[in-house]
1. Among the residues of segment 92-111, what is the count of those that are surrounded by fewer than 23 Cβ atoms within 10 Å (Cβ to Cβ) and not in a loop (DSSP other than H, G, I, E, B)?
2. Checking Lys114 against (1) open to solvent by 70 Å² or more (accessible area, probe 1.4 Å); (2) not in a loop (DSSP other than H, G, I, E, B): exactly one of these is not met. Which one?
3. Which one of Phe79, Phe57, Phe47 is open to solvent by less than 60 Å² (accessible area, probe 1.4 Å) and more than 20 Å from Met101 (Cα to Cα)?
4. If a residue has to be open to solvent by 30 Å² or more (accessible area, probe 1.4 Å), more than 30 Å from Pro78 (Cα to Cα) and in a helix (DSSP H, G or I) to count, how many in segment 119-153 make the cut?
5. Pairs, please: C-beta under 7 Å, at least 6 apart or cross-chain, first residue of a type in the set (Val, Ile, Thr) and in segment 278-294, second in a loop (DSSP other than H, G, I, E, B)?
6. Tally up the residues in segment 95-107 that are near the ligand (Cβ under 8 Å from one of its atoms), touching a helix residue (DSSP H, G or I) at 6+ places or on another chain (Cβ under 9 Å) and not aliphatic (A, V, I, L, M), please.
7. Out of the residues in segment 66-89 that are in contact with a strand residue (DSSP E or B) (Cβ under 9 Å, 6 or more places away or on another chain) and among the charged types (D, E, K, R), state the one that is farthest from the ligand (Cβ to nearest atom).
8. Go through (1) crowded, with 21+ Cβ neighbours inside 10 Å; (2) part of a helix (DSSP H, G or I) for Thr156 and report which single condition fails.
Amino acid sequence: MSKDTLILPKDFPQLQNDTFLRAARGEETEHVPVWCMRQAGRYLPEFRESRAGKDFFETCRSPEACCELTLQPLRRFPFDAAIIFSDILVVPQAMGMDVQMVPGKGPTFPEPLKEPEDLQRLRVKVDVAKELGYVFKAITLTRHKIEGKVPLIGFTGAPWTLMSYMIEGGGSNTHSKAKRWLYRHPEASHMLLRMLTDVIVEYLLGQVAAGAQALQVFESHAGILGPVEFKEFSLPYLRDIARRVKDKLKEAGQDVPMIAFAKDAHYGLEDLSQSHYEVVGLDWTIDPRSARERTGGKVSLQGNMDPCALYAPKERISDIVKKMLEGFGTRGYIANLGHGLYPDMDPENVGAFVEAVHQHSKQMIKQM
Ligand code: CP3
């Protein structure tokens, strides 16, 4: 038997804890489910050990390594979901761009897109199964190895966030190179956003076919757009992605909850809650009660403790979690941080966060 036939996307172990999926659909749960963005990350000594001396994207291309890194946080903490270890920048790679992870500097594109003519350097037709098949294999392998303990989340970067990386060539404070395109080359910008959307739709469908049980779309750079630019260059593509993925899945008699996480996009909350996503992810700058009011109970919410609250002593974390739960309420709510965990965070405090969510929410639900 070849290695591939050993990890077919079928006969997965039965799911034992579906709390996350029920909360995503707004159904009743016994406790509020919780997971953390970047839960597989450098704050865990075992993660640092597994990653030591290895190239980041080489690690992403190894299904075995991705599976191991995805499972590590679950061995420590009773998270209610796992997220596949990968990166949003595998999509620009699949479109033909070189991306490297430079230690101490972060993601780097040696040849970013500079002018609209550079779009010709991108692959016209991306063979998603060929270019990103390694992610699908990682998902299938992990679905088997997770033994049905919790659901597995697949993810992608959203078009605008990926476009901004492809033009900036890496991290940026102003994102002025990418925003220059929006103002100077709106047509080329839309062309690039459409190209990305087409790849992303296929990529997400491939992840579900491989075994992903929910999908999160990271619009991490939403906040650098204003409300007008968000409505033109981000929202339509976020909507298109959810609609097309859902339509295709429906044809196949399938459905998975989708989460839109548009960081710092206050102005987009009402629109996002009417964009075919079951869940809207929130960063920590949004007050839970006002987020509920503005989304009008139409969607489940996910978030949004300030990641830096994990630097607080454990008792204080517990108090902060309690207030957050009271603000969101326990129904249609998935606890998370407002962004990813940082490398210098104490795993013990992450454990305290998870425990506080479970304990307080169980009590609140019992008292209802
Ligand atoms: O646990 C998880 O959340 C799953 C894995 C995951 C990673 N990246 C692993 C990773 C996810 C969901 C991402 C998404 C991602 N990658 C985003 C969107 C989420 C967000 O943070 O807004 C973005 C913007 C990226 C691009 C990226 N990749 C950055 C900015 C960095 C940090 C670079 C640095 O040096 O700090 C990465 C690297 C990366 N991706 C790490 C991890 C665990 C850390 C580097 C390492 O392991 O060597």
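The values are calculated or read from the model by the stated rules, or taken from the named source; none is laboratory data. Everything numeric in this text was worked out from a predicted model, so none of it was measured. Backbone-built Cβ (ideal geometry, glycine too); neighbour counts: all protein chains shown. With ligands, DNA and RNA removed, areas are computed over all heavy atoms of the protein, side chains included. Shrake-Rupley method; radii C 1.70, N 1.55, O 1.52, S 1.80 Å.
1. 8
2. (2)
3. Checking each option against the conditions leaves just Phe79.
4. Qualifying residue count for the region: 5.
5. From segment 278-294, the pairs are Val279/Pro257; Val279/Val299; Val280/Ser273; Val280/Val299; Thr285/Asp264.
6. 2
7. Asp80
8. Tallying (1) crowded, with 21+ Cβ neighbours inside 10 Å; (2) part of a helix (DSSP H, G or I), Thr156 fails exactly one: (2).
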